[in-house]
Amino acid sequence: MKEFNFKDYKKNVFTEINDTWGIIVAGDKNTGFNGMTVSWGGLGILWHKPVAYIFVRHSRYTHEFLEDSKSISISFLSDEYKKAKGVFGSLSGRTINKFENTGLTPKYDSDTNTYYIKEADTVFLLKVIYQTEIKEEGIPASVMDRFYPTKDMHTMYVCEVLKCMEK
Ligand SMILES: Cc1cc2nc3c(=O)[nH]c(=O)nc-3n(C[C@H](O)[C@H](O)[C@H](O)COP(=O)(O)O)c2cc1C
């Protein structure tokens, strides 16, 4: 993988997140790590920094790692790995090791103390710089009914982009 500057990112953020899906890996050398698929979120700018916005529900095992560590990455893999992306998006790391199950390889980046997925086409290595709870107040009732029927709310993580890498 080679490093690139965030300003040289050429892909369509909307299709990458919505269609390709990302796999986030949260955690570091001390906490250990876990990964899950995401297709809600964004890439942008806040406080003059390049950032990723990630939304993780409280029920996810990955949420526990984000409570203990600021290290997180998002990896975008080609659809050759669609089955693996399905596994990372439907099974919990509480009950199985998704890396062993899918054959995807966790890789450690010592500069950022972050894990990512070796097979990815594009990787953003991140650090949580702000988080806030998505609260029921202000959410339209139809959205609550559709997306939060059990009130399993999201935490929004704003993550600084520390390093960008591509194949
Ligand atoms: C395409 C797709 C996108 C997903 N996007 C999100 C997301 O943005 N936020 C979230 O909390 N869960 C999302 N999920 C669900 C989690 O990936 C899923 O619950 C996963 O099994 C959680 O794993 P964990 O318990 O090991 O953390 C998505 C699932 C799929 C299949």
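From the list Asp111, Asp145, Asp152, the lone residue that is free of Cβ contacts under 8 Å to residues at least 12 places away in the same chain and outside any strand (DSSP E or B) is Asp145. Checking region 99-107 against the condition returns a match, with at least one residue being within 16 Å of the ligand (Cβ to nearest atom), buried (at least 16 other Cβ atoms within 10 Å of the Cβ) and hydrophobic (A, V, I, L, M, F, W, C). Taking the numbered list (1) surrounded by 12 or more Cβ atoms within 10 Å (Cβ to Cβ); (2) in a strand (DSSP E or B) in turn, Ile139 passes all entries but (2).
Given the residues Ile72, Ile134, which is the only one that is within 13 Å of the ligand (Cβ to nearest atom) and touching a helix residue (DSSP H, G or I) at 6+ places or on another chain (Cβ under 9 Å)?
Values: Ile134 fails: touching a helix residue (DSSP H, G or I) at 6+ places or on another chain (Cβ under 9 Å).
Unique residue meeting the criteria: Ile72.
Determine whether Ser78 is among the hydroxyl-bearing types (Ser, Thr, Tyr), under 24 Å from Asn18 (Cβ atoms) and surrounded by 12 or more Cβ atoms within 10 Å (Cβ to Cβ).
Working: among the hydroxyl-bearing types (Ser, Thr, Tyr): yes; under 24 Å from Asn18 (Cβ atoms): yes; surrounded by 12 or more Cβ atoms within 10 Å (Cβ to Cβ): yes.
Yes: the conditions hold for Ser78.
Confirm whether Val13 is more than 9 Å from the ligand (Cβ to nearest atom) and at pLDDT 95 or above. In short, yes.
Quick check, is Leu66 at pLDDT 95 or above and over 14 Å from Thr155 (Cα atoms)? No; evaluated as a whole, the condition is false for this residue. How about region 26-53: which of its residues are in contact with a Gly (Cβ under 6 Å, 6 or more places away or on another chain) and either without any contact (Cβ under 8 Å) to a residue 60 or more places away in the chain or polar (S, T, N, Q) (or both)? Residues satisfying the conditions are Asn34, Thr37, Val38. Only one entry in Gly86, Gly22 is out of contact with any helix residue (DSSP H, G or I) (no Cβ under 7 Å at 6 or more places or on another chain) and either without any contact (Cβ under 8 Å) to a residue 40 or more places away in the chain or exposed (fewer than 14 other Cβ atoms within 10 Å of the Cβ) (or both), namely Gly86.
Restricting attention to region 44-67, and to residues there that are more than 10 Å from the chain's Cα centre (by Cα), under 17 Å from Leu125 (Cα atoms) and surrounded by fewer than 21 Cβ atoms within 10 Å (Cβ to Cβ), which single residue is nearest to the ligand (Cβ to nearest atom)? Break it down into steps so the answer makes sense when it comes.
Of all residues in region 44-67, those more than 10 Å from the chain's Cα centre (by Cα) come to 44-51, 57-61, 63-67.
Subsequent filtering for residues that are under 17 Å from Leu125 (Cα atoms) retains 44-46, 49-51, 65-66.
Then drop every residue that is not surrounded by fewer than 21 Cβ atoms within 10 Å (Cβ to Cβ), which leaves 44-46, 49-50.
Values: Gly44: 16, Ile45: 20, Leu46: 19, Lys49: 21, Pro50: 20 Å.
Taking the candidates together, the pick is Gly44.
Of all residues in region 58-83, those that are closer than 28 Å to Asn12 by Cα, in contact (Cβ under 8 Å) with a residue 12 or more places away in the chain and of a type in the set (D, E, K, R) total 4.
The values are calculated or read from the model by the stated rules, or taken from the named source; none is laboratory data. Because the structure is a prediction, the values reported are computed rather than measured. Cβ coordinates were reconstructed from backbone atoms using ideal geometry, including for glycine residues, and neighbour counts include every protein chain displayed.
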